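Heads up: the structure comes next, in structure tokens.
No lab work stands behind these numbers, since they all come straight from the coordinates. Small disclaimer: the values here were computed from a predicted structure and weren't measured. Cβ placement follows ideal geometry from the backbone for every residue including glycine, while neighbour counts extend to all protein chains displayed.
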Amino acid sequence: MAWRDDWRRVRAIARKDLTTELRAKAGFNSVAALGVTILVLLGLALGPDAQALRNAAVGAVWVATLFAGVLAFNRSFQVELESGALEPLLQYPGPRWTIFAGKLLGNLIFVTLMVAILVTAGVVLFGVRLTAGWPSLLGVLALGIVGLVVLGTFYASMASRSRAREVLLPLLLFPMLVPVLLAATTASKALLGGDLMHDAGAWIRLLIAYDLVFLIATFIAFEHVIEA
Amino acid sequence: MAASNQTFIIAAYAVTWVVLLGYLLRLVRKGRRARADYDRFAHEHGEENRE
Amino acid sequence: MKPEGRLTPASGHSPDSLPARPPRTSAWLAFAAFGAVIAAQTFAILTSPADRDMGHLQKIMYVHVPAAWMTFLAFFVVLVFSVRYLWRRRENDDLIAAAAAEVGAMFNGLTLMLGMIWGRPAWGVWWVWDARLTSTLVLFLIFVGYLALRGFVDDAQQKARWSAAVGAIGAINVPIVYMSVTWWRTLHQPPSSPATLDPVYTMGLRVNAIAFLLVMIYFIRKRYEIARLERAVEHMAQAAALGGP
């Protein structure tokens, strides 16, 4: 069954990426550490007033996630680049979209773990008071992570192979993530505040639409972009 | 407020013209260089020049 | 329509096919376009009455709004030709998209500067995070990213394919960005500027918009001509290096 083979290929690529990352644990650990460092810097720069920090918490966590995420996305293509394994991977029989899907899956897991650490650190460092609505917060986080990873993986497939990958990836990616940033932060702040105006629902719908639109668009575009 | 408003109105139109004419100048200069390179290459390789 | 080579179009990227002669952009178009801008601005400035709230500050609208419209139009051109390139892989489509992107970025920068010049006396500050100004700033960053990508990729084919993908996907985001920034602002306050324009101002706005459109058409054509010339030189240099045509 063709679907079974494709799915197996996707999982294989994801597993390969994750095991190289986790085996070289330096990869995940240092990216997560960088994210926490960014949070600390933001805390120092925006504090020490407790209320100011509480107001800044959601934004700080997301900004730290964006910057740390950029490193993760570039690294996800770096392994192939350094070992010259991208060409053989392309020639291996099977549809190209499975490469993208495999990378996506690997990055999703990586970034989710990283965000878990950053959110925990953010709640602690910025003195966030969790309200009853916090499970919805997880939903907002998940949707935001999907948007971030889809576009991050897509742009990294190009930026990582260009001349100035460190600056090109954030330069391309961050303006595109403005809707995700706005939606995730506004909805999270609303939920943490009890969501009296029921604002969060509209933003969550925007996130869902955004994720769907770009999931489809990047899968289509990836075919054109992955040629060596 | 009318007087200081006038400053901003003039500034707006000045900026507009500076930017548009500046870009025009950039294109004209680039165009001359590109056309010169092209004509030189085309001449060297036996193509007929444009009238 | 947008210019194509007047002779048989180049097949694309193979260096051994003789490049078609790049189009020549008429200098008369430049004179006509800029003349139209002068005429339109004179007309608008002389005939528009002072606004009830803003006074004559309103006159900045005649440059700010057309610049904004040209920005979005340019981005639309980038979208169309990016998709065309992905579909048919014709080098000229990529070059038109790139020309439109550069011209669009220029109009975008102008829009932002004029927005700030208008905003300072009107609101008292150089910047407000209002929906339109913020969206325009984000759009500017998307343009800059597109142009940076082209700058950092050397291979012509890869540059074309990647730019087209980035251009198309960036364009899809433009309405989403605009919508999300507008929601972000209206949560706490209603939209500040009225959507309708008093009819006494619309004629002036329209003629200025048309004049700007002529300027933009000229700029894109000229920029495209330059790109075709430079690409033709590249092809000929490659052909020469490989041992002659």
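Were the residues from A:Asn55 through A:Leu138 laid out at 0.36 nm apart, the gain over their Cα-Cα distance would be 28.0 nm. Between segment C:72-133 and segment A:112-166, what is the separation of their alpha carbon centroids in Å? A separation of 29 Å, based on Cα centres. Per-residue ellipticity at 222 nm, computed for chain A from helices alone with -39500 (n - 2.57) per DSSP H run of at least four residues, works out to -29500 deg cm²/dmol.
Note the angle between two axes, namely the Cα long axis of helix A:200-225 and the longest principal axis of the Cα atoms of chain A, as a number of degrees from 0 to 90, rounded to the nearest 10. It works out to around 20 degrees. Where is the GNM fluctuation largest for chain C (alpha-carbon springs, 10 angstrom cutoff): C:Met106, C:Met70, C:Met179? Greatest mean-square fluctuation among the candidates belongs to C:Met179.
Counting Lys and Arg as +1 and Asp and Glu as -1 over every other residue whose Cβ lies under 14 Å from the Cβ of A:Leu168, the net charge comes to +3. Our compactness index for segment A:2-225, the C-alpha radius of gyration over the empirical 2.2 N^0.38 Å, is 1.05.
In this label model, C:His56 and B:Trp17 are separated by 1.5 nm, measuring between points 7 Å along each Cα→Cβ vector. Judged by the mean number of other Cβ atoms found within 10 Å, the most tightly packed of the peptides B:30-40, A:112-122, A:45-55 leads the ranking A:112-122, B:30-40, A:45-55.
So how tilted is helix A:2-23 from the main axis of chain A? Cα-based, degrees 0 to 90, rounded to 10. Tilt of helix A:2-23: around 60 degrees. For the protein assembly as shown, the Cα-based Rg and Dmax, in that order, read 25.8, 80 Å.
The HN-Hα couplings worked out from phi for segment A:61-69 by the Karplus form 6.51 cos²θ - 1.76 cosθ + 1.60 (θ = phi - 60°) are 4, 5, 5, 4, 4, 4, 5, 5, x Hz, whole numbers, x standing for Gly and Pro. With a Förster radius of 41 Å applied to the C-beta separation of C:Ile45 and C:Leu147, the computed FRET efficiency comes to 0.75. The helix-only estimate of mean residue ellipticity at 222 nm for chain C, built from DSSP H runs of length n ≥ 4 each weighted as -39500 (n - 2.57), is -26000 deg cm²/dmol after division by the residue total.
On the basis of the beta-carbon distance and an R0 of 30 Å, B:Arg32 and C:Ala241 show a calculated FRET efficiency of 0.75. Summarised as an ellipsoid, segment C:27-84 has semi-axes of 29, 18, 5 Å, derived from the eigenvalues of the Cα gyration tensor scaled by 5 and square-rooted, with the largest first. What you get for segment C:88-245, charging only the Cβ of Lys and Arg (+1) and of Asp and Glu (-1), is a dipole of about 180 debye around the Cα centre. Mean partner shielding of peptide C:49-61, defined as the number of other chain Cβ atoms within 10 Å of each residue Cβ, is 3.
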